[in-house]
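The values are calculated or read from the model by the stated rules, or taken from the named source; none is laboratory data. For clarity, every value in this text was computed on a predicted model and none was experimentally measured. Cβ atoms come from the backbone with ideal geometry, glycine included; neighbour counts cover every protein chain shown. Only protein heavy atoms, including side chains, enter the accessible area calculation; ligands, DNA and RNA are left aside. Shrake-Rupley method; radii C 1.70, N 1.55, O 1.52, S 1.80 Å.
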Amino acid sequence: MNKKTAVVGLIMAFSLTACSTGTSTESGPGANSTTAPGTTPSSNPVTLKIGLPGGYDITSKKLIDNFQAKYPNIKLEIEETPWADFVTKIVTRIAGNNPPDLWLQENAVILGYGKRGVAENLEPYIKRDLKTEDYVSALTSAKLDGKIYGIPHGINPGALAFNKQIFTENNVPLPTDNWTYNDMIEAAKKLTKDTNGDGKADIYGFQAGNNITLGWLPWMRAYGGSALDPTLTKATFADPKSIQGLTAWADTINKLKISPTREAANTGKFFENGKVAMTFFQYATQVSLNKNKPDLDWDTVKIPIGMDGKRFVPMVVNQWVMYSKSKPEVKEAGWTFLKYYLSDEGQTLLSESGTSLPVKKTALEQLEKSTSKPANKKAFTKGIEEAGGTLDENPSWNEWRAAAGPILNDIMDGKRTPEDGVKEIQQKVQQVLDDNK
């Protein structure tokens with residue numbers, strides 16, 4: 001995720017002043033359109049340009065094809081692009097006023113687009129056509145200042161994945177949804193083994209993540225800390241509870257030695273290769289894991305309960321964004337696509353792809369009955385229902401993460417103590433927040 005989003009922060013430097021004769025600055029359902037709010041879209045032919053970063057590996061081709069068959073008057077022009085290339089090029093295309101009419105990116109990026117007038121406010125469309133009670137709360141996760149700038153492409157939450165064979169061979173009870181971080185750490189100590197007697201672990205009890213989603217933020221939250229305050233305008237890295245979380249996170253490597261180092265983790269697929277008993281695991285990863293290691297005996301439980309007695313389940317939400325300057329009839333066509341995406345059929349097809357969890361409750365309930373690995377999909381679905389949270393996302397999310405990242409790496413590598421490192425992180429992150437008020 002970090003690699004995909006790093007370049008997108010450049011968007012913050014652009015002022016979108018370009019105009020062209022093929023666009024409209026009006027927004028809202030039916031603005032300057034022959035389609036009145038509350039009625040069905042016109043059957044007149046219209047072309048809708050859809051950008052697909054990551055192509056059909058991320059967005060189901062069957063879903064796109066089924067929509068095209070259902071709405072032949074809406075001609076789709078699909079732009080497939082590798083994710084890293086897309087997030088680089090979209091900056092230039094927005095500045096030139098020629099992006100796709102619809103595309104998807106991370107939630108925090110979409111919030112930045114909304115703040116800068118790039119993204120259409122979809123709140124009126126949602127209010128007009130959807131029953132929000134049919135969906136989980138992530139439906140409106142792209143909300144900023146009372147406006148909603150995206151529709152979820154899908155939810156990618158975290159859970160605790162575990163290798164059943166390693167637990168069984170060492171007579172250690174399997175994890176449960178009631179586990180705490182202490183339970184996880186104690187089990188990891190028992191499961192870390194030097195099997196060849198060279199003084200180095202060959203099997204690790206846990207693998208610590210080195211990013212915000214599966215690494216330092218869940219540990220900070222587990223101790224009652226956070227990166228930003230509830231207003232998302234004040235850095236809280238220097239809060240004693242945040243420091244406790246960062247210390248426990250780094251200790252898995254440097255003190256307890258129950259986790260491989262950051263360097264080793266970057267070069268070896270420890271969980272996939274049966275060398276790690278437990279790790280925090282994003283839902284989408286199961287696609288490649290099941291493909292590469294179909295015989296691996298593994299499952300998931302909810303992210304453990306934190307030291308503060310609360311659970312925090314990290315949740316990444318990619319969002320569909322509608323370009324605010326597209327023509328009114330194109331916006332209505334785009335909304336027709338988004339409504340289909342959120343329909344029972346569209347959400348079922350999303351579930352079948354395995355790349356994300358749907359946001360419609362009926363589709364989530366159906367997914368829980370699936371027999372593909374992991375068997376316990378409720379670790380994800382019930383996890384986000386109970387304690388799902390986004391990643392302290394605000395319009396300057398990419399920038400403040402970039403400021404904190406190198407220092408957090410030093411803390412994880414044992415080159416700096418958390419107490420020392422957070423002093424600099426606090427200052428750098430707060431400066432970014434103040435500069436982006």
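Can you list the HN-Hα couplings for region 281-292, worked out from phi with the Karplus curve (6.51, -1.76, 1.60; θ = phi - 60°), rounded to whole Hz and with x for Gly and Pro?
Calculated HN-Hα couplings, in order: 9, 7, 4, 4, 5, 5, 5, 6, 4, 5, 6, 7 Hz.
Quick one: 3J(HN,Hα) in Hz for region 247-255, Karplus 6.51/-1.76/1.60 with θ = phi - 60°, rounded, Gly and Pro as x.
5, 5, 4, 5, 5, 4, 9, 8, 10
Using the Karplus curve 6.51 cos²θ - 1.76 cosθ + 1.60 with θ = phi - 60°, what ³J(HN,Hα) values do you get for each residue of region 49-66, in whole Hz, with x for Gly and Pro?
After applying 6.51 cos²θ - 1.76 cosθ + 1.60, I find 8, 10, x, 10, x, x, x, 7, 5, 10, 10, 4, 5, 4, 5, 5, 5, 5 Hz.
In vacuum, with every alpha carbon of region 147-202 counted as one equal point scatterer, what does the Debye formula give for log10 I(q)/I(0) at q = 0.16, 0.17, 0.20, 0.23 Å⁻¹? Two decimals, please.
-0.64, -0.69, -0.83, -0.99
Between K257 and residues 5 or more places away or on another chain, which pairs have amide H atoms under 5 Å apart, with H built 1.01 Å from N, and which residues are they?
Here the answer is none, since no amide H 5 or more places off falls under 5 Å of that of K257.
If the cut-off is a Cα-Cα distance under 17 Å, which aspartates and glutamates reach K428, setting aside same-chain residues fewer than 8 apart in sequence?
Output for K428: D229, D239, D392, E393, E399, D410, E419, D420.
Whenever you get a sec, compute what percent of the accessible area on region 279-357 sits on carbon and sulfur atoms (1.4 Å probe).
C and S fraction of accessible area: 48 percent.
So which aspartates and glutamates pass the test for K62, namely a Cα distance under 12 Å, with those fewer than 8 places away in the same chain ruled out?
E345, E352
By the scheme Lys and Arg +1, Asp and Glu -1, what is the net charge of all other residues having a beta-carbon under 12 Å from that of A333?
Numbers: positive: K49, K75, K327, K331, K339; negative: E77, D101, E329, E332.
Result for the local shell: +1.
Residues with amide H under 5 Å of G388's amide H, sequence separation 5 or more or different chain, H placed in the peptide plane at 1.01 Å from N; which?
For G388, whose amide H was placed from the backbone, the distant partners under 5 Å are V313.
Would you kindly calculate the translational diffusion coefficient of the chain, applying Stokes-Einstein with the Kirkwood radius from alpha carbon pairs, for 25 °C and a viscosity of 0.890 mPa s, and quote it in µm² s⁻¹ without decimals?
Approximately 108 µm²/s, per Stokes-Einstein.
Can you tell me how much longer the chain between T261 and D183 gets when fully stretched, taken as 0.36 nm per residue apart minus their C-alpha distance, in nm with one decimal?
25.9 nm
Take every DSSP beta bridge whose two residues both sit in the chain, then give the antiparallel share in percent to the nearest 5.
65
Residues of the chain: accessible area per residue at 1.4 Å, in Å²?
Result: 42 Å² per residue.
Report Rg (one decimal) and Dmax (nearest whole number) for region 315-389, counting Cα atoms only, units Å.
14.7, 45
Taking Cα centroids, how far is region 197-219 from region 49-90 in Å?
What the calculation gives is 36 Å, centre to centre.
Between region 222-291 and region 375-437, how many Å separate their Cα centres?
11
Can you list which of the trypsin sites (Lys or Arg not before Pro) found in region 139-241 are DSSP loop residues with at most 12 other C-beta atoms within 10 Å?
Taking region 139-241 and a limit of 12 other Cβ atoms within 10 Å, the loop trypsin sites (Lys or Arg not before Pro) found are K200.
Cα gyration tensor of region 199-331, axes a ≥ b ≥ c as square roots of the eigenvalues: rounded (a/c below 1.5), prolate (a/b > b/c) or oblate?
oblate
Given the Cα-Cα distance of D134 and D229 and 0.36 nm per residue of separation, how much length would full extension add, in nm?
Result for the pair: 31.2 nm of gain on full extension.
How large is Rg/Rh for region 271-402, to two decimals, with Cα atoms and a Kirkwood Rh? It would help to have the intermediate numbers written out before the result.
Numbers: Rg = 17.6 Å, Rh = 17.2 Å.
Expressed as Rg/Rh, it is 1.02.
With n ≥ 4 as the cut-off for DSSP H runs, can you work out [θ] at 222 nm for the chain, using -39500 (n - 2.57) per run divided by the number of residues, rounded to the nearest 500? Walk me through the numbers before you get to the answer.
Numbers: 17 runs with 171 residues, N = 437.
Result for the chain, helices only: -11500 deg cm²/dmol.
Which links in K115/K437; K200/K269; K257/K423; K143/K325; K269/K373 stretch past 21 Å when you go from one Cα to the other?
K257/K423
Sort region 180-244 into rounded, prolate or oblate with this rule: let a ≥ b ≥ c be the square roots of the eigenvalues of the Cα gyration tensor; rounded if a/c is under 1.5, and if a/c is not under 1.5, prolate when a/b is larger than b/c, oblate otherwise.
prolate
Counting Lys +1, Arg +1, Asp -1, Glu -1, what net charge surrounds T417 among other residues with beta carbon under 15 Å of its beta carbon?
With Lys, Arg at +1 and Asp, Glu at -1, the neighbours total -2.
Which shape class, rounded, prolate or oblate, goes with region 41-101 when its Cα gyration tensor gives a ≥ b ≥ c as root eigenvalues, a/c under 1.5 marks rounded, and past that a/b bigger than b/c marks prolate?
Since a/c reaches 1.5 but b/c is at least a/b, the shape of region 41-101 is classed as oblate.
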